[in-house]
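**Q** Once you've had a glance at the structure underneath, I'll fire off some questions.
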Amino acid sequence: MTLSSKLSITWPEITNERAVPMLWLGAWLLGPNGEEGDWFHSGRGAAVTEHEVPTGVTGVRIRRWPNEGLAPEYADVIPVPQSELAAEFVSFNKRQPFSVLTGEEF
């Protein structure tokens, strides 16, 4: 697989419901249906990471765990940003393009 560009992501140090740094995870999105590919980052924030963007990637999925006892929140960023992304400013409060939830569940 050839690489097409680099993406720098700033992962903020935000605390969760237990007042500990929130867990973050980043994964690639592939194809027109939002298939999730490999993950490329897992950590507790307070970091800036740089990633080679594989050819064919159509977006980035960012997950965060405000409550580690529940499922994570996620946000899809489509298309892949040109060079930088600040996870703190990704909108987790809107319906995501590949959500399987109906309007009543969201």
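**Q** Pairs, please: C-beta under 6 Å, at least 6 apart or cross-chain, first residue more than 20 Å from residue 34 (Cβ to Cβ) and in region 72-93, second open to solvent by less than 80 Å² (accessible area, probe 1.4 Å) and assigned to a loop (DSSP other than H, G, I, E, B)?
**A** Close Cβ pairs (under 6 Å, with a partner that is open to solvent by less than 80 Å² (accessible area, probe 1.4 Å) and assigned to a loop (DSSP other than H, G, I, E, B)) amount to 88/12.
**Q** Further, regarding this structure: Scan region 1-48 residue by residue and report those that are polar (S, T, N, Q) and farther than 12 Å from residue 62 by Cβ.
**A** Result: 2, 4, 5, 8, 15, 16, 33.
**Q** Residue 6 is checked against (1) at pLDDT 95 or above; (2) open to solvent by less than 60 Å² (accessible area, probe 1.4 Å) and fails just one. What number does that condition carry?
**A** Unmet condition: (2).
**Q** Let me ask you something else. Restricting attention to region 22-47, which residues are among the hydrophobic types (A, V, I, L, M, F, W, C) and either in a strand (DSSP E or B) or closer than 13 Å to residue 76 by Cα (or both)?
**A** Across region 22-47, the qualifying residues are 23, 24, 25, 27, 28, 29, 30, 39, 40, 47.
**Q** Separate question: Within region 16-41, how many residues turn out to be surrounded by fewer than 12 Cβ atoms within 10 Å (Cβ to Cβ) and within 16 Å of residue 67 (Cα to Cα)?
**A** Number of matching residues: 3.
**Q** Looking at 15, 10, which one is among the hydroxyl-bearing types (Ser, Thr, Tyr) and within 24 Å of residue 97 (Cβ to Cβ)? Reasoning before the result, please.
**A** Values: 15 fails: within 24 Å of residue 97 (Cβ to Cβ).
Sole residue among the options that is among the hydroxyl-bearing types (Ser, Thr, Tyr) and within 24 Å of residue 97 (Cβ to Cβ): 10.
**Q** What are the residue pairs meeting all of these: first residue in region 14-27, first residue within 17 Å of residue 88 (Cβ to Cβ), second residue among the aromatic types (Phe, Trp, Tyr), Cβ atoms under 7 Å, and 6 or more apart or on different chains?
**A** From residues that are within 17 Å of residue 88 (Cβ to Cβ), the pairs are 16/65; 22/65; 23/65; 24/11; 25/39; 26/39; 26/40.
**Q** Is region 48-57 home to any residue that is open to solvent by less than 60 Å² (accessible area, probe 1.4 Å), in a loop (DSSP other than H, G, I, E, B) and in contact (Cβ under 8 Å) with a residue 60 or more places away in the chain?
**A** Scanning region 48-57, I find no residue that is open to solvent by less than 60 Å² (accessible area, probe 1.4 Å), in a loop (DSSP other than H, G, I, E, B) and in contact (Cβ under 8 Å) with a residue 60 or more places away in the chain, so the answer is no.
**Q** Would you check if residue 87 is at pLDDT 95 or above and not charged (D, E, K, R)?
**A** Here the answer is yes, as residue 87 does meet what is asked.
**Q** For region 58-84, which residues satisfy the criterion of being under 18 Å from residue 23 (Cα atoms) and assigned to a loop (DSSP other than H, G, I, E, B)?
**A** Looking only at region 58-84, we keep the residues that are under 18 Å from residue 23 (Cα atoms), and these are 60-76.
Passing the criteria: 66, 67, 68, 69, 70, 71, 72.
**Q** Checking the condition of a type in the set (Gly, Ala, Ser), open to solvent by 50 Å² or more (accessible area, probe 1.4 Å) and more than 15 Å from residue 31 (Cβ to Cβ), which residue from 86, 71 passes? Show your work before the answer.
**A** Details: 86 fails: open to solvent by 50 Å² or more (accessible area, probe 1.4 Å).
Selected residue: 71, the only one of 86, 71 that is of a type in the set (Gly, Ala, Ser), open to solvent by 50 Å² or more (accessible area, probe 1.4 Å) and more than 15 Å from residue 31 (Cβ to Cβ).
The values are calculated or read from the model by the stated rules, or taken from the named source; none is laboratory data. Because the structure is a prediction, the values reported are computed rather than measured. Virtual Cβ from ideal backbone geometry, glycine too; neighbours counted across all protein chains shown. The accessibility values were calculated without ligands, DNA or RNA, using every heavy atom of the protein model including side chains. Shrake-Rupley method; radii C 1.70, N 1.55, O 1.52, S 1.80 Å.
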